[in-house]
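The values are calculated or read from the model by the stated rules, or taken from the named source; none is laboratory data. Source: prediction; values computed, not measured. Positions of Cβ are generated from backbone atoms using ideal geometry, with glycine treated the same way; all protein chains shown enter the neighbour counts.
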Amino acid sequence: MENYTFRLPSGQDLFDSIESFVKEKRIEAGCVLPSVGSLTQAVLRLTNEEFHTEYNGYFEIVPMTGTVSIYGSHLHVSISDGDGRTIGGHLVSGCRVYTTAEIVLAVFENTIYKREFAEDSGYEELAVYKRWGQGNPVSAGSLFQRGEKFILVSNSFFKPQPFPQSGQLWRVDIGRCKDLLLPKHFVRLPVEQNLSL
């Protein structure tokens with residue numbers, strides 16, 4: 001896991017600056033650890049609302065968190081005013097840093113966050129993929145399973161026997177495994193089971 005800490009100075013757009021940093025560093029999966037600062041203007045999308053609400057004044061960030069990715073981020077922020085009243089919602093463009101914003105990001109290697117339509121919510125929601133290859137090697141004979149679906153990594157020298165279980169089987173050539181993405185629910189089976197094929 002890698003991490004980044006940076007400061008945004010007065011006048012910067014909080015959401016846009018975080019998005020720019022994520023794009024610059026090519027972050028595919030990360031999270032904003034609780035981060036603090038202050039705002040002189042806040043724009044939030046409150047729960048179950050389709051429109052944005054603007055707040056003017058001076059606010060403390062108490063705190064901000066969420067997931068970030070070049071494929072789409074989802075951030076929430078809580079802010080309090082001079083009387084300590086607190087409100088929170090989805091962070092969107094338009095929040096202006098007052099004095100400072102201290103941002104801490106954790107980055108997860110070999111993982112990819114994407115936003116995909118979810119029928120249950122009707123919104124683009126988080127979809128988590130595991131990256132195999134490079135720092136997470138895959139060898140011929142590796143077998144991944146999710147329920148009744150299986151993915152077998154093979155090459156021209158690896159001759160699997162007839163598949164012993166029902167369900168679907170996809171064969172992926174080892175040469176394509178430098179950047180193999182699998183939904184997180186796929187589990188890599190133990191070597192013994194791989195060899196029994």
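Within segment 46-68, the set of residues being of a type in the set (D, E, K, R) and at pLDDT 95 or above comprises 54, 60.
Selection within segment 116-128: residues that are surrounded by 13 or more Cβ atoms within 10 Å (Cβ to Cβ) and modelled with pLDDT of 90 or more. The member of this set that is farthest from residue 31 (Cα to Cα) is 124. None of 71, 4 is hydroxyl-bearing (Ser, Thr, Tyr) and at pLDDT below 95 except 71. Only one of the numbered conditions (1) among the aliphatic types (A, V, I, L, M); (2) assigned by TED's automatic domain parsing to the domain that holds residue 23; (3) touching a residue at least 40 places away in the same chain (Cβ under 8 Å) is violated by residue 112, and that is (2).
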